[in-house]
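Here, each number is a calculation from the coordinates, and none is a lab measurement. Just so it is clear, the model here is predicted, and its values are computed rather than measured. Please note: Cβ atoms are built from the backbone with ideal geometry, for glycine as well, and neighbour counts cover all protein chains shown.
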Amino acid sequence: MKTLSTRMVDLPAGEQIPVLGQGTWGLGEDPMRRDEELTALRLGLDLEMTLIDTAEMYGDGAAERLVGDVVFDRRDEVFLVTKVLPEHADRAGAIEACDRSLHRLRTDHIDLYLLHWPGPVPVEETVEAFTTLQQQGKIRFWGVSNFDTTDLREATAVPDGHAAQTDQVLYNLARRGIEWDLLPACQRSGLTVMAYAPFDHRGTVLRHPAVIAVAERHGVTPGQVALAWVIRQDGITTIPKAAHPEHTAENRAALDVRLTADDFADLDRAFPPPDGPTPLEVL
C-alpha cells in the first residue's frame, strides 16, 4: 500500500490504517443511486480515505458488489474490511462465506475480516476458521464487531485469539458507554477500536444544539464536529457513510477540525460520559 499523508492508527500487527474511512451500510441497494455512490466512494479514495468497510449482510451482498466495482482497479490502494454473519462463522461456513465475499468484492484477499457480532458458533471455532483463511492467503487480519468487554475477553483467550486486530462498535457523542470499560481495555491491549455510526441513528447527533453551536464557532459543519470528536483519541478509527460526493468531501475535511478544551467541555455537558458500566449498544 502506498504511503499516506492522512492521519493513521496502528493495528496490533503494526499495519497502519486511516483514522477516517468509509462505511457502506445501506449502499448498493438502489440502482438509481449506484452511479452517485460509486463516485462518492472513489472520491474518498482520492482523498486518502482508503479504508472501506462493508459486510456480507449489507443488502444481502449488494454493498460488497458496489465496493468490488470501486476497488477492482485500485486494489493496492485500499484497506478492505468486510464481515461474516454469526450463523456462517463455523469452520466450514466462514470459509464458504469468505469465498462468496471475495467473489462479490472482485479481489483475491480481504485485509480485515470481522465476525459481525457474537452468535451461536463457539468463538474458538470461528477463530480457527479465520486462522485457516489467513494461512490460505484469503484474509490478512481478522477481528470482531459488536463485542462487549466479556465477549472480547473470551475471544482473545482462545487459541490464536491474540491475533485479533479490532473491535468494531457503535460509538459517538450520544453513545459513550464504551468509555467506561471497553475502550480503556482496548487501549491497554493495543486493540484498535473502529467506531461505526459516528453521527448516530438517522443523524440525531447532528441536530443537537450543542453540536451546532460548536460547529458555528469553528465555521464547520455539525458532521465535522461529530467526526473530530470521535477520532480525538489515539487508537480509534471511524467509518462514516457518504452516499454523495459532497458528503465524502465534508467528511474528509473533519481531519482539519481542532476542537478546543471549551468545545469538549460543552459537548460533555450535552452528552455526559458514562458514570458506570453500560451495556454495549448496537444498531
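Before moving on, here are some points about what is shown:
- Relative contact order, whole percent, for region 197-279 stands at 29, derived from Cα pairs under 8 Å and 6 or more residues apart.
- Estimated at 0.36 nm per residue, the fully extended path between Asp275 and His103 surpasses their Cα-Cα distance by 57.4 nm.
- Order of Val9, Val144 - criterion: other Cβ atoms within 10 Å of each residue's Cβ, fewest first: Val9, Val144
- Values of log10 I(q)/I(0), in the order q = 0.08, 0.09, 0.10, 0.15 Å⁻¹, for the chain under a Debye, Cα-only, solvent-free model: -0.31, -0.39, -0.49, -1.14
- Loop sites in region 48-105: trypsin sites (Lys or Arg not before Pro), DSSP, at most 13 other Cβ within 10 Å: Arg74
- Averaging 1/r over each pair of different alpha-carbon atoms in region 173-283 and inverting the result gives 14.5 Å, the Kirkwood hydrodynamic radius.
- A DSSP coil position with no more than 16 other Cβ atoms inside 10 Å describes the following trypsin sites (Lys or Arg not before Pro) in region 198-283: Arg232, Arg258.
- For Asp53, Asp200, Asp99, order by how many other beta-carbon atoms lie within 10 Å, fewest first: Asp99, Asp200, Asp53
- Farthest toward the positive end of the dipole of region 150-229, out of Thr166, Gly219, Leu191, is the Cα of Gly219, where the dipole comes from beta carbon charges about the Cα centre.
- Phi-derived couplings, Karplus 6.51 cos²θ - 1.76 cosθ + 1.60 at θ = phi - 60°, listed residue by residue for region 34-51: 4, 4, 5, 5, 4, 4, 4, 5, 5, 4, x, 5, 4, 8, 6, 8, 8, 8 Hz, with x used for Gly and Pro.
- Beta bridge orientation in region 142-216: antiparallel %, DSSP, nearest 5: 10
- Rounded to whole Hz, the Karplus (6.51, -1.76, 1.60) HN-Hα couplings of region 214-228, x for glycine and proline: 5, 4, 5, 4, 9, x, 10, 8, x, x, 5, 5, 4, 5, 4
- Cys186, Cys98 arranged by Cβ crowding within 10 Å, fewest neighbours leading: Cys186, Cys98
- Gain on full extension, evaluated as 0.36 nm per residue between Arg232 and Arg207 minus their Cα-Cα distance, stands at 6.9 nm.
- ³J(HN,Hα), Karplus 6.51/-1.76/1.60, whole Hz, each residue of region 188-193, x for Gly, Pro: 5, 8, x, 6, 6, 9
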